[in-house]
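Comments concern the structure below.
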Amino acid sequence: MRFENGKLVIRTKTGSFSKGGLGSKYALRGDFDLQLDCRIDFLKDASGMDQLLNILVADKSEKIGKTDTVVINLSKGGMSHQGRLGSVAIVNGIWRKGSSKMMENFDGALRILRKGKYISTLYKKKGDFEWSKIYTFRVTGSDMMFGFTVRNFFAKRTSIRATQSISAEFDNFRINAAHEIIEEEI
């Protein structure tokens, strides 16, 4: 990770499984509206690895595997010819598929919006005026943490041939609205 031209750039290492990211030290209570500008240009011929950028919110109160989580993914599998933009969730330990669409590369903003127990995922490409909805999930009303990652593998991958590094840029993280922000004790 490093800053280049005022933007955070996360770049994977070559030769092995690699992942980098950041997570909040505070939780969001009640309704909230978050957005993050990001850019990823998928590699064309990276067959021995995957390419994945995600932003997510996760229930702070539960244990790993039981945590309600909502994720926006920008991804390209090792053998795929095209990238995808999609959204998934884990609710009560069960994966819930949202929707997805083919996408060559991405330069724009991703947004997560909670109203009550419903979380909507949205995106807006650079130059667009309107937000496009990806999907809406019914999840917990508990406090949630925010984070984002870049990695060169999907969860089920057991071997990797990472001959190239993938990178993504992040900028302008915004909390457009939040009922309450809960900070951790120092």
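Just a few scattered comments:
- Scanning region 74-100 for residues that are part of a strand (DSSP E or B) and either hydrophobic (A, V, I, L, M, F, W, C) or without any contact (Cβ under 8 Å) to a residue 24 or more places away in the chain (or both) yields 74, 84, 85, 88, 89, 90, 91, 94, 95, 97.
- Pick from region 28-59, criterion in a loop (DSSP other than H, G, I, E, B) and among the aliphatic types (A, V, I, L, M), ranking: nearest to residue 177 (Cα to Cα): 43
- Selection within region 12-25: residues that are assigned to a strand (DSSP E or B) and buried (at least 16 other Cβ atoms within 10 Å of the Cβ). The member of this set that is farthest from the chain's Cα centre (by Cα) is 20.
- Only residues that are over 19 Å from residue 55 (Cα atoms) and either touching a residue at least 60 places away in the same chain (Cβ under 8 Å) or in contact with a strand residue (DSSP E or B) (Cβ under 7 Å, 6 or more places away or on another chain) (or both) were counted across region 146-158, and they come to 1.
- Residue ID - nearest to residue 154 (Cα to Cα), chosen from residues in region 26-49 that are open to solvent by 30 Å² or more (accessible area, probe 1.4 Å) and over 16 Å from the mean Cα position of the chain (by Cα): 47
- Residues of region 127-145 satisfying the condition of being touching a strand residue (DSSP E or B) at 6+ places or on another chain (Cβ under 6 Å), part of a loop (DSSP other than H, G, I, E, B) and in contact (Cβ under 8 Å) with a residue 24 or more places away in the chain: 139, 140, 142, 143
- For the criterion of being open to solvent by less than 30 Å² (accessible area, probe 1.4 Å), of a type in the set (Gly, Ala, Ser) and without any contact (Cβ under 8 Å) to a residue 40 or more places away in the chain, residue 120 passes.
- Test result for residue 111, over 16 Å from residue 41 (Cβ atoms) and either at pLDDT 95 or above or assigned to a loop (DSSP other than H, G, I, E, B) (or both): yes
- Scanning region 134-186 for residues that are modelled with pLDDT under 95, under 19 Å from the mean Cα position of the chain (by Cα) and of a type in the set (Asp, Glu) yields one hit, 143.
- Selection within region 146-170 - of a type in the set (A, V, I, L, M) and part of a loop (DSSP other than H, G, I, E, B): 155, 160, 162, 166
- Of the residues in region 103-112, at least one is out of contact with any Cys (no Cβ under 8 Å at 6 or more places or on another chain), buried (at least 20 other Cβ atoms within 10 Å of the Cβ) and within 25 Å of residue 169 (Cα to Cα).
- Boolean, residue 174 is open to solvent by 80 Å² or more (accessible area, probe 1.4 Å) and not polar (S, T, N, Q): yes
The values are calculated or read from the model by the stated rules, or taken from the named source; none is laboratory data. As the structure is a prediction and not an experimental result, all values here were calculated from the model. Cβ atoms come from the backbone with ideal geometry, glycine included; neighbour counts cover every protein chain shown. Areas reflect the complete protein model, heavy atoms only, side chains present, ligands, DNA and RNA absent. Shrake-Rupley method; radii C 1.70, N 1.55, O 1.52, S 1.80 Å.
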